[in-house]
Amino acid sequence: MLKVLLASRNAGKLREFSTLLPDLQFVLWPADAPELPETGAFFQDNALQKAEGARTWWLEHGTESVDGVLADDSGLCVDALWGGPGVLSARFAPGLPSYADKGRRLLAMLPEAADRTARFVCVLAFAPMKGEPFTASGAVEGSLAFDHRGDSGFGYDPIFIPDGCDRTFGELPIETKHTLSHRARACAALRVRLKASRA
Ligand code: IMP
């Protein structure tokens with residue numbers, strides 16, 4: 001079983017990875033480790049930046065041996081907001097205390113009649129301790145709800161309705177999210193890449 005350092009402190013992502021990648025053994029990013037910079041303009045740049053930054057840090061400070069580092073950069077891209085908040089999803093409306101407030105603020109930015117189409121995007125970067133990093137990505141198309149609905153999942157789940165559903169990710173069972181989410185698709189692509197790299 002591959003032992004992988006997960007370069008994230010996002011509790012929502014951590015929960016999802018343990019279900020979506022059950023064949024990996026995860027080591028968590030330590031509480032005293034630095035915040036990983038994400039200064040790129042694209043999900044792929046940020047995912048690679050986090051994976052490589054975490055690998056460099058771990059090589060110097062790591063307390064156990066791991067096979068590689070996994071980083072996730074993801075976000076919600078709203079067409080009427082020219083793809084925003086996108087890579088800035090985690091930093092959107094920094095003064096607001098909760099994702100419920102951030103979600104409501106985002107909805108308030110859309111006029112009633114606006115195109116409400118949106119997508120969640122996830123790019124995973126895997127940096128083996130020895131070798132070149134690679135990425136895998138996934139997306140799910142959908143639209144923004146008119147209200148914050150449901151409290152399942154995390155982040156912007158309660159305002160996003162995936163295509164083909166009439167409920168938000170916040171209302172759908174987590175098992176349903178795992179059949180069609182951006183992260184589930186990225187994890188499926190990552191598993192293929194990991195298998196190929198070990199063959
Ligand atoms: P980052 O990848 O650390 O830049 O943060 C991504 C942000 O996008 C998260 O903090 C969430 O706000 C949002 N996000 C990413 N994936 C999801 C998801 O599956 N559901 C809800 N929000 C998400």
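Observations on the structure shown:
- Applying both filters, DSSP loop and at most 10 other Cβ atoms within 10 Å, to the GluC sites (Glu not before Pro) of region 88-182 gives E112.
- Taking amide H positions as modeled 1.01 Å from N, with prolines and chain starts lacking one, the residues under 5 Å from G75 and 5 or more places away or on another chain are V121.
- Charge tally in the Cβ shell below 12 Å around P94, where Lys, Arg are +1 and Asp, Glu are -1, P94 excluded: +2
- Computed with a 1.4 Å probe over protein heavy atoms only, the accessible surface of the chain comes to 49 Å² per residue.
- Stretchable slack from I174 to D101, in nm (0.36 nm times residue separation minus alpha-carbon distance): 24.1 nm
- Working from the Cα coordinates of the chain, the gyration tensor eigenvalues give, after taking √(5λ), semi-axes of 30, 18, 15 Å in decreasing order.
- Using a Förster distance of 35 Å, the FRET efficiency for R167-M1 (Cβ separation, nearest 0.05): 0.50
- The portion of the accessible surface of the chain made up by carbon and sulfur, rounded to a whole percent, is 55 (1.4 Å probe; DNA, RNA and ligands excluded).
- Principal-axis tilt of helix 43-61 within the chain, Cα atoms, nearest 10 degrees: 40 degrees
- Paramagnetic label zone (point 7 Å from Cα along Cα-to-C-beta, T117; backbone N under 15 Å) in region 135-160: 140-144
- Normalised by the number of residues in region 2-198, the mean separation of alpha-carbon contacts (under 8 Å, six or more apart) gives a relative contact order of 19 percent.
- Loop-located chymotrypsin sites (Phe, Trp or Tyr not before Pro) in region 28-110 (DSSP state not H, G, I, E or B) with no more than 11 neighbouring Cβ atoms inside 10 Å: W82.
- Using a simple spin-label model with pseudo-atoms 7 Å out from Cα toward Cβ, N10 and R198 lie 2.5 nm apart.
- A simple count of charges around R183, restricted to other residues whose Cβ falls under 9 Å of its Cβ and scoring Lys, Arg +1 and Asp, Glu -1, yields +1.
The values are calculated or read from the model by the stated rules, or taken from the named source; none is laboratory data. Here the structure is a predicted model, which is why all the values come from computation and not from measurement. Note: ideal-geometry Cβ built from the backbone for every residue, glycine included; neighbour counts use all protein chains shown. Side chains are part of the model used for accessible areas, which takes the heavy atoms of the whole protein and leaves out ligands, DNA and RNA. Shrake-Rupley method; radii C 1.70, N 1.55, O 1.52, S 1.80 Å.
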